[in-house]
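Peer 1: The structure's right below; bear with me while I get my questions together.
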Amino acid sequence: MAVQETPVSRRLKSVKHIIIVCSGKGGVGKSSVSAQLALSLHASSPNARVGVLDVDLTGPSIPRMLGLDGHGVHQSSDGWVPVYADALGDGEPRLACMSVGFLLKKKGDSVVWRGPKKNAMIRQFLSDVRWGELDYLVVDTPPGTSDEHLSLIEHLAPVHSRLSAVIVTTPQAVALLDAMKCLSFTRAVALPVLGLIENMSGYVCPCCGDVSNVFSTGGGVEMAIREGVPFLGSMPIDTELVTLLDAAESTDLGAADGQHDEDSEVRSFGVLQRYQKTSSAKLLSAIVENLILTLPSVEHASVSSSA
Amino acid sequence: MLAVQRSAVVSVPSNAPEHCPGTESELAGKADACNGCANQDICASNTPKGPDPALPFIRDRMAVVKHKILVLSGKGGVGKSTFTAQLGWAFAADEQLQTGVMDVDICGPSIPTIFGVASEQVHSSSSGWSPVYVQDNLGIMSVGFMLPSSRDAVMWRGPKKNGLIAQFLKDVDWGDLDYLVIDTPPGTSDEHLSVVQYLKESGIDGAVLVTTPQEVSLQDVRREIDFCRKMGIRVLGLVENMSGFVCPGCKTESQIFRPTTGGAERLAKETGIQLLGKVPLDPRIGKSADYGVSFLDEYPDSPASDAYLDIIDKIKKILGGESAL
């Protein structure tokens with residue numbers, strides 16, 4: 001089958017791997033996992049070029065998490081210029097970010113759109129953003145299996161062989177139920193699944209060190225085994241990370257550990273540095289190493305099966 | 001650059017060409033002025049113009065529902081469905097009252113599981129679909145009751161979802177209700193617009209906004225407040241969920257989701273919206289939801305139960321005060 005050339009496929013020609021982060025349920029940590037994946041992929045090699053695309057149009061969280069709140073997008077003759085999270089670091093910027101949050105005049109503005117408008121916006125994000133050469137494009141999605149997801153898959157059809165998905169869930173039955181729906185969705189659209197991440201799996205009391213399973217535990221592993229999907233790992237609740245991603249603007253916490261050599265105004269660059277010090281970063285970098293190894297084989301399998 | 005389109009309120013978008021006939025007009029997408037407009041296709045494809053034929057039926061059905069409450073939050077996973085369920089159970093604790101719970105989260109229905117009726121089916125009778133009754137006076141309707149298996153994904157675009165929501169409002173035999181609590185999906189999109197538009201004529205009493213203490217969640221709630229303002233819905237109040245965690249081992253309270261920007265309290269002050277209360281994180285809440293039992297009945301001694309009951313009392317008072325007028 002000859003793959004048709006579209007504006008999207010032309011634009012994404014220079015993107016090697018596209019990883020879609022999804023989950024049926026909201027608030028399980030898609031955006032936080034997307035942000036962490038991007039940060040870890042960025043740190044995985046000194047010249048890895050990473051892009052983050054936030055297609056959660058009515059609730060964009062990526063700008064806040066990467067400390068990019070308030071930035072705007074610039075138009076160039078070659079399309080929209082993404083916001084670079086490491087623009088102020090030394091060397092060439094290689095963590096690009098695009099979200100509807102950058103297009104809003106005020107951060108409290110709501111985007112009240114029905115499906116067709118969302119579809120048009122996603123098409124524009126995929127075809128008009130000047131990503132340049134990218135090794136990885138991490139796509140953060142809204143909860144559910146609806147317009148955004150269908151549009152995304154539809155527009156990415158010409159580059160289907162480079163697509164893969166990571167499913168995020170929390171351990172409760174209610175979330176697993178929705179994760180299952182999400183898995184059914186990936187099967188229906190023949191999207192290869194890299195694996196399942198169980199987020200918010202246990203919380204260590206800072207006072208006595210007891211582990212509480214705030215949202216129960218172990219459900220993700222069981223589901224992965226039952227469904228024959230690789231289990232990538234479980235991430236406990238890390239308050240340090242919650243605070244880091246939530247208050248990416250304030251540098252007071254990072255300054256406490258004496259590593260205050262970077263300019264305190266370089267807040268987004270600070271996120272990159274400080275993230276590597278959290279305990280979640282170690283867990284996630286192991287997951288990412290694993291992902292980098294499996295990516296080509298998963299994508300290759302999807303090529304041969306569709307051929 | 002990108003103007004936030006207020007198509008729901010103003011029918012001429014701010015980025016429209018000069019002689020735009022308006023998105024709700026019969027000529028939308030077909031007038032001369034539409035040629036070259038970026039959104040021409042969208043306007044032209046929205047075929048049904050004029051009032052929705054379902055509206056009079058919905059009006060009849062909703063005429064016997066005294067209070068309609070929306071549970072909203074911009075962000076997902078903050079506890080909308082859990083709160084909806086506690087609200088439903090608390091209303092239904094009064095045997096004199098009839099309560100209905102409608103789940104319009106089409107892609108991720110959690111209400112059936114939380115109420116412990118996940119395997120039930122909807123039956124239809126001559127007077128419409130009958131809701132699934134958890135108690136004599138507590139009926140529930142969700143798309144979860146209509147799926148062949150809980151694993152099935154509902155991969156629907158907007159118009160199909162709207163169709164189902166209209167059916168939930170016009171074809172379900174709710175009967176005489178004192179309270180109808182509507183659980184929504186995260187965001188501000190098709191489902192929300194549809195519910196609000198369908199219920200415009202019969203009137204919505206107000207919306208309860210659920211949030212968690214972090215800024216990421218508050219950001220989304222601000223958008224939801226903006227949505228309510230645009231749509232003309234009264235905000236009954238804010239509920240801060242997952243606010244602090246008491247370790248069952250040492251009883252010390254710690255903040256899992258730290259209110260880095262002042263939490264809901266500050267938001268309430270900024271916007272002048274009442275903060276109805278803060279519900280602490282209790283692992284037993286999630287467990288109760290998984291097993292489908294009422295948290296308020298199972299663990300009445302938990303601080304979270306007190307918080308819930310306090311909030312529910314406030315909501316009742318706000319609604320009660322209004323009906324007395």
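The values are calculated or read from the model by the stated rules, or taken from the named source; none is laboratory data. What you are looking at is a predicted structure, and each value in this text was computed from that prediction instead of being measured. Here the Cβ positions follow ideal geometry from the backbone for every residue, glycine too, while neighbour counts run over all protein chains shown.
Peer 1: Sort out which residues of the range B:274-289 are surrounded by 24 or more Cβ atoms within 10 Å (Cβ to Cβ) and over 27 Å from B:Ala118 (Cα atoms), and write them in order of number.
Peer 2: B:Leu276
Peer 1: Could I ask something else about it? Quick one: A:Ser280 ticks every box in (1) modelled with pLDDT of 85 or more; (2) in a loop (DSSP other than H, G, I, E, B); (3) not aliphatic (A, V, I, L, M) except a single one, so which number is it?
Peer 2: Of (1) modelled with pLDDT of 85 or more; (2) in a loop (DSSP other than H, G, I, E, B); (3) not aliphatic (A, V, I, L, M), only one is false for A:Ser280: (2).
Peer 1: Can I ask one more? Looking at the range B:231-247, is at least one residue more than 20 Å from the chain's Cα centre (by Cα), hydrophobic (A, V, I, L, M, F, W, C) and either at the interface with chain A (Cβ under 9 Å from one of its Cβ atoms) or buried (at least 22 other Cβ atoms within 10 Å of the Cβ) (or both)?
Peer 2: Yes, the range B:231-247 contains a residue that is more than 20 Å from the chain's Cα centre (by Cα), hydrophobic (A, V, I, L, M, F, W, C) and either at the interface with chain A (Cβ under 9 Å from one of its Cβ atoms) or buried (at least 22 other Cβ atoms within 10 Å of the Cβ) (or both).
Peer 1: Check whether at least one residue in the range B:252-263 is closer than 22 Å to A:Lys107 by Cβ, modelled with pLDDT of 95 or more and either surrounded by fewer than 17 Cβ atoms within 10 Å (Cβ to Cβ) or touching a strand residue (DSSP E or B) at 6+ places or on another chain (Cβ under 6 Å) (or both), and report yes or no.
Peer 2: no
Peer 1: When you check A:Cys182 against the structure, is it at the interface with chain B (Cβ under 9 Å from one of its Cβ atoms) and surrounded by fewer than 23 Cβ atoms within 10 Å (Cβ to Cβ), yes or no?
Peer 2: Here the answer is no, as A:Cys182 does not meet what is asked.
Peer 1: Quick check on A:Trp131: is it crowded, with 16+ Cβ neighbours inside 10 Å, modelled with pLDDT under 95 and farther than 25 Å from B:Gln219 by Cα?
Peer 2: yes
Peer 1: Continuing with this model, one more query. Let me confirm something: among B:Ser150, B:Ser81, B:Ser119, which residue is within 12 Å of chain A (Cβ to nearest Cβ) and in a loop (DSSP other than H, G, I, E, B)?
Peer 2: B:Ser150 is the lone residue from the list that is within 12 Å of chain A (Cβ to nearest Cβ) and in a loop (DSSP other than H, G, I, E, B).
Peer 1: Next up: Looking at the range A:211-247, which of its residues are in contact (Cβ under 8 Å) with a residue 12 or more places away in the chain, over 18 Å from the mean Cα position of the chain (by Cα) and in a helix (DSSP H, G or I)?
Peer 2: Within the range A:211-247, A:Gly219, A:Gly220, A:Val221, A:Met223, A:Ala224, A:Glu227, A:Thr239, A:Glu240 qualify.
Peer 1: Being of a type in the set (Gly, Ala, Ser) and more than 18 Å from the chain's Cα centre (by Cα): is that true of B:Ser217 here? Spell out how you get there, then give the answer.
Peer 2: Values: of a type in the set (Gly, Ala, Ser): yes; more than 18 Å from the chain's Cα centre (by Cα): no.
No: the conditions fail for B:Ser217.
Peer 1: Say whether the condition of being modelled with pLDDT of 75 or more, in contact with a Lys or Arg (Cβ under 8 Å, 6 or more places away or on another chain) and of a type in the set (S, T, N, Q) is met by at least one residue in the range B:61-76.
Peer 2: Scanning the range B:61-76, I find at least one residue that is modelled with pLDDT of 75 or more, in contact with a Lys or Arg (Cβ under 8 Å, 6 or more places away or on another chain) and of a type in the set (S, T, N, Q), so the answer is yes.
Peer 1: Let me ask something else about it. Take the conditions facing another protein chain (nearest Cβ under 9 Å) and under 23 Å from A:Pro143 (Cα atoms) and apply them to B:Ser217. Does it pass?
Peer 2: Details: facing another protein chain (nearest Cβ under 9 Å): yes; under 23 Å from A:Pro143 (Cα atoms): yes.
Considered against the rule, which asks whether it is facing another protein chain (nearest Cβ under 9 Å) and under 23 Å from A:Pro143 (Cα atoms), B:Ser217 comes out as yes.
Peer 1: Looking at the range A:37-77, which of its residues are acidic (Asp, Glu) and modelled with pLDDT under 90?
Peer 2: Correct list: A:Asp69 only.
Peer 1: While we're here: So which residues in the range B:178-190 are over 28 Å from B:Phe257 (Cα atoms) and crowded, with 21+ Cβ neighbours inside 10 Å, if there are any at all?
Peer 2: Of the range B:178-190, the ones over 28 Å from B:Phe257 (Cα atoms) are B:178-180, B:190.
Scanning the range B:178-190 gives B:Tyr179, B:Leu180, B:Asp190.
Peer 1: Okay, moving on. Since B:Val172 meets every condition but one in (1) of a type in the set (Val, Ile, Thr); (2) in contact (Cβ under 8 Å) with a residue 24 or more places away in the chain; (3) surrounded by fewer than 24 Cβ atoms within 10 Å (Cβ to Cβ); (4) within 30 Å of B:Arg284 (Cβ to Cβ), which condition does it not meet?
Peer 2: Failing condition for B:Val172: (4).
Peer 1: Looking at the range A:17-131, what helices (runs of 4 or more DSSP H) fall wholly within it and have at least 1 residues that are without any contact (Cβ under 8 Å) to a residue 12 or more places away in the chain?
Peer 2: A:115-128
Peer 1: Can you pull out every residue in the range A:192-210 that is within 12 Å of another protein chain (Cβ to nearest Cβ) and touching a residue at least 40 places away in the same chain (Cβ under 8 Å)?
Peer 2: We begin by selecting, within the range A:192-210, every residue within 12 Å of another protein chain (Cβ to nearest Cβ); these are A:199-200, A:202-210.
Scanning the range A:192-210 gives A:Asn199, A:Met200.
Peer 1: Give B:Ala28, B:Ala44, B:Ala38, B:Ala16 a once-over and let me know the one that is out of contact with any Gly (no Cβ under 9 Å at 6 or more places or on another chain), modelled with pLDDT under 80 and either in a loop (DSSP other than H, G, I, E, B) or not assigned by TED's automatic domain parsing to the domain that holds B:Asp178 (or both).
Peer 2: Just a single option satisfies the conditions, and that option is B:Ala38.
Peer 1: State all residues of the range B:126-147 that are farther than 18 Å from B:Gln86 by Cβ and assigned to a loop (DSSP other than H, G, I, E, B); if no residue qualifies, say none.
Peer 2: Result: B:Ser126, B:Ser127, B:Pro131, B:Asp136, B:Leu147.
Peer 1: What residue, among those in the range B:66-90 that are of a type in the set (A, V, I, L, M) and more than 13 Å from B:Leu138 (Cβ to Cβ), is surrounded by the fewest Cβ atoms within 10 Å (Cβ to Cβ)?
Peer 2: Selected residue: B:Ile69.
Peer 1: A follow-up question, please. Which of the numbered conditions does A:Arg187 fail, given that it passes all the others? Conditions: (1) of a type in the set (D, E, K, R); (2) more than 8 Å from chain B (Cβ to nearest Cβ); (3) over 27 Å from A:Val159 (Cβ atoms).
Peer 2: For A:Arg187, the exception is condition (3).
Peer 1: Still on this structure: If the requirement is being away from chain A (no Cβ under 13 Å), under 15 Å from the mean Cα position of the chain (by Cα) and surrounded by fewer than 23 Cβ atoms within 10 Å (Cβ to Cβ), which of these qualifies: B:Ala63, B:Ala93, B:Ala166?
Peer 2: On the way: B:Ala63 fails: under 15 Å from the mean Cα position of the chain (by Cα); B:Ala93 fails: under 15 Å from the mean Cα position of the chain (by Cα).
When all the criteria are applied, what remains is B:Ala166.
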